[in-house]
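The structure appears right after this line, and notes come after that.
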Amino acid sequence: MNREDALFARLARSPFRSRFHLSEKERRYCLEKGPETIDRHAADFVAKRLADAQPKNDGKQTPMRGHPVFIAQHATATCCRGCLAKWHGIAQQQALSAAQQSYIVGVLHRWLVTEMNR
């Protein structure tokens, strides 16, 4: 099992993480916008809300609703630097590298694709 498969298996066992699902409205939004646009939104949210060494309002910067990526962030524990450290082994107090940001967008993409195919 690769690292990402192991992560998704752990997330599936978490009562909190596994309770997140897209609503019909969020599903429609994903279909209307397409995966490229949703991935760009994810990259933008990661860059603006998570990438700094000490993000503003860390631990509270990701809404629980309002965009499919926000739901995906909570479902995949990519919502704050504390969750990134605990679930993904990405150190706090250091700016995220381009590779780390790309990894996070990839995790979000995988969850969204899986969710859209449910």
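Only the coordinates and a few stated rules stand behind these numbers; no lab work does. Just so we're clear, the structure is a prediction, and the values are computed from it rather than from any experiment. For neighbour counting, all protein chains shown are included, and Cβ atoms are generated from backbone atoms with ideal geometry for every residue, glycine included.
Using only the Cα atoms of the range 8-118, build the gyration tensor, take square roots of its eigenvalues as a ≥ b ≥ c, and label the shape rounded, prolate or oblate: rounded if a/c is under 1.5, else prolate if a/b is larger than b/c, else oblate. Let's see the in-between values first.
Details: a/c = 1.74, a/b = 1.37, b/c = 1.27.
Prolate, since a/c reaches 1.5 and a/b exceeds b/c.
Sum up the charges of everything whose Cβ sits under 10 Å from the Cβ of A77, counting Lys and Arg as +1 and Asp and Glu as -1, but leave A77 out. Provide the component values of the computation, followed by the final result.
Values: positive: R10, R17, K86; negative: none.
Counting the neighbours of A77, the net charge comes to +3.
Explain nothing, just compute: Karplus ³J(HN,Hα) = 6.51 cos²θ - 1.76 cosθ + 1.60, θ = phi - 60°, for every residue of the range 3-8 in order, whole Hz, x for Gly and Pro.
My calculation for the range 3-8 gives 4, 5, 4, 5, 4, 5 Hz in order.
If the cut-off is 25 Å between C-alpha atoms, which lysines fall inside it for K33, apart from same-chain ones fewer than 8 positions away?
The qualifying lysines are K25, K48.
Among G82, N117, N2, pick out the residue whose Cα is farthest towards the positive end of the charge dipole of the chain, where Lys and Arg carry +1 and Asp and Glu carry -1 on C-beta, about the Cα centre.
So the residue we want is G82.
Taking the number of other C-beta atoms within 10 Å as the exposure measure, put R3, R49 in order starting with the fewest. Don't skip to the answer; put the middle values down first.
Values: R3 10, R49 20.
Listed from fewest to most nearby Cβ atoms, that is R3, R49.
Calculated from DSSP H runs of 4 or more alone, at -39500 (n - 2.57) each and per residue, what is the 222 nm mean residue ellipticity of the chain, nearest 500? Present the calculation step by step, with values, prior to reporting the outcome.
Values: 6 runs with 70 residues, N = 118.
Value at 222 nm, helices only, nearest 500: -18500 deg cm²/dmol.
Mind checking the angle between helix 98-116 and the chain's longest principal axis? C-alpha axes, 0 to 90 degrees, to the nearest 10.
Roughly 20 degrees, rounded to the nearest 10.
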